[in-house]
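The values are calculated or read from the model by the stated rules, or taken from the named source; none is laboratory data. Predicted model only: the values in this text are computed from it and were never measured. Here the Cβ is made from the backbone with ideal geometry for all residues, glycine too, and neighbour counts use every protein chain on show.
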Amino acid sequence: MSYQVIARKWRPQTFEEVTGQETITQTLRNALEFDRLHHAYLFSGARGVGKTTTARLLAKALNCHKADKPNILPCRTDDPTACPSCIEITESRSMDVLEIDAASHTGVDDIRETILEGINVRAARDRYKVFIVDEVHMLSKSSFNALLKTLEEPPPNVVFIMATTEPHKVPETILSRCQEFEFRTIPLQKIFDRLRLIAKAEKVNISDDAVKEIARSGEGSMRDAQSNFDQVISFSGEKIEAADVSRALGLAGSEMLVRTMRAVAEKQPRAVLDVVADLTSRGHDLRNFCRDLLSLCRDMLVFKVSDGDEKLSESAALSPEELRELSGLFSGSDIVRYFNSLADTELKLREALQSRYFLEIGLVKLIEMRTVTAVEDLMERLAGLEARRSDGGPPPADKTDAAAATPEKKTLNAAPAPEEPAFFESPNRTFDEPIELVSVDFPEPETPSAFKTEPPPKPDIAYDLAFLDSIDLPLPDISSEELEHVDDDWLDNAYEQRLSATGDDLKAIPAAAQLATDALKRRSTHGLQPANGTTGGQASAAAPAIDLAPFVSPVFDEMPEIEAPALSSDPTPEELLAYANANRVIRSALRIFGGTIKTVRKR
């Protein structure tokens, strides 16, 4: 006798043997026992969870010859007294139970020939004529339309059982005419128990860890797990261990998964690259490994948010102790980000020609994500800074927030100075000259030492204005052209940034009006004499002694006229510089502010 694979040899032959679908089998048994049968059923669910098997069991129960009515305990094929109907239905050769593969019979002609033309013919031997349509979602639209009337009002003793893995592709008009049963994926423990039973019956020496790895490889599908079990038996020797399962199926064991996540937690990119190199050398499927990492992230998150509920983590590849230790290395938000990143990597691996490259980059990306600060933390830090700035209270208690809230000392060396503003460069300005000064280098203003250390004066304090005697007032006349003011928001902002960088708080000087009045009362030899004819006056006598820096009066000589050179159609930088140096307005600005021309270009 030829060898029969485990998935077919151990196919359930009674409702009790259907694993993981107890609710559905109980409903069907009650319908059979109390004669509440429907004429059309739709079985939907993932692959390998028992849809076709349950359809055959229902057909056997409807037509079993050991009872005068539907039998909830149909015959087993290994029973010597099994009826012919149950044996033929199990072997898919019954005349009254027709199995149709909709994937290869999609056209309306196939439906008409197979179902519609023979539906009015009574069953040849059995009580019911049963049509089992597998992968029904593959039928064409016209085929579905041809079945509508038949499904709604079929002849007596005709039952339709349709199975599909994609119920969303079945038209609503078909769904409304059927009783739908949704088959769920099978829990890991039930697959484990079934495989252990098969191993004992087949006398296979296999460890529990190996059985668990095989059960996990099925991903909720009993048929996939049984097929993998067959493959592992063919690969291994007398004793099957977990390592044999990993080599036979190309799966990465739990050790590799833990090794990878620990490398991510410890920020060791070299370690994850070693893991990928090890997997590649062993011939493992890198996409399966990425899926296993996704499952592990799910298990860690579920274990973390459920406070270690073992029932919710029964399908995990790791033990509860290992999950507790590993999930403690990450926060919940970290695990969610890792899951989303791995999902993108797994999607790219589907069509990647160099899957190793994508997996390596994806794992290194997880390590880089460890340095990302959560938005919530940043918001808390900003709130702490605002509260400290407004209340003047102590820094936040949290060390991280305290470090972030500590104001940085503003010095010219520590804080980078803002970019120099472009002189005369503004969208609001136009010149007749075909040049543009991009930037001018002005020297840093010197701040008197007295204003660096002394607090700002109060409004009722008198000022020592003796230093005004050394200033020639009034200053030389400046033409209206040179005094022309143009609003330039960019230049104003740049000026304020420069003041802030030097430590100026940009607040108004107290008693500025009094200071200006006292300054204008003093007159020099140019016609502005002191108001009381003295040097310091009573105000100066009452003022406290202040160490003022000596004031150097600027020297304004007559500025000779310079003839501007003629510019060619394509002037050189040297010609532009000479043209700018000859411009009277530019020369005046450079003289007053002590600046130099840095860059010149033609508009």
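What the table shows:
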{"read-out": "Residues satisfying the stated conditions in region 194-214, i.e. within 38 Å of the chain's Cα centre (by Cα) and among the charged types (D, E, K, R)", "value": "Asp208, Asp209, Lys212, Glu213"}
{"read-out": "Complete set of residues in region 132-152 that are of a type in the set (S, T, N, Q) and out of contact with any helix residue (DSSP H, G or I) (no Cβ under 6 Å at 6 or more places or on another chain)", "value": "Ser140, Asn145, Thr150"}
{"read-out": "Residue list for region 33-59, filter: touching a residue at least 12 places away in the same chain (Cβ under 8 Å) and over 51 Å from the mean Cα position of the chain (by Cα)", "value": "Glu33, Asp35"}
{"read-out": "Any hit, region 205-214, residues being outside any helix (DSSP H, G or I), buried (at least 20 other Cβ atoms within 10 Å of the Cβ), of a type outside the set (Asp, Glu) and in the same structural domain as Ser327 (by TED's automatic domain parsing)", "value": "no"}
{"read-out": "Residue in region 284-304 that is over 24 Å from the mean Cα position of the chain (by Cα), in contact (Cβ under 8 Å) with a residue 24 or more places away in the chain and buried (at least 19 other Cβ atoms within 10 Å of the Cβ) present", "value": "yes"}
{"read-out": "Residue satisfying all of: in region 185-204; surrounded by 14 or more Cβ atoms within 10 Å (Cβ to Cβ) and basic (Lys, Arg); farthest from Leu139 (Cα to Cα) among these", "value": "Arg196"}
{"read-out": "Flag for Thr280 being outside any loop (DSSP other than H, G, I, E, B), in contact (Cβ under 8 Å) with a residue 12 or more places away in the chain and surrounded by fewer than 16 Cβ atoms within 10 Å (Cβ to Cβ)", "value": "yes"}
{"read-out": "Of residues in region 345-367 being under 21 Å from Pro269 (Cβ atoms), out of contact with any Lys or Arg (no Cβ under 9 Å at 6 or more places or on another chain) and not β-branched (Val, Ile, Thr), the one surrounded by the most Cβ atoms within 10 Å (Cβ to Cβ)", "value": "Leu363"}
{"read-out": "Positions within region 147-195 being part of a loop (DSSP other than H, G, I, E, B), closer than 18 Å to His105 by Cα and among the β-branched types (Val, Ile, Thr), in sequence order", "value": "Thr165, Val170"}
{"read-out": "Breaking point among (1) over 21 Å from Lys9 (Cα atoms); (2) surrounded by fewer than 20 Cβ atoms within 10 Å (Cβ to Cβ), for Asp96", "value": "(2)"}
{"read-out": "Answer from Ala343, Ala352, Ala316 - the residue that is under 12 Å from the mean Cα position of the chain (by Cα) and either hydrophobic (A, V, I, L, M, F, W, C) or under 17 Å from Leu294 (Cβ atoms) (or both)", "value": "Ala343"}
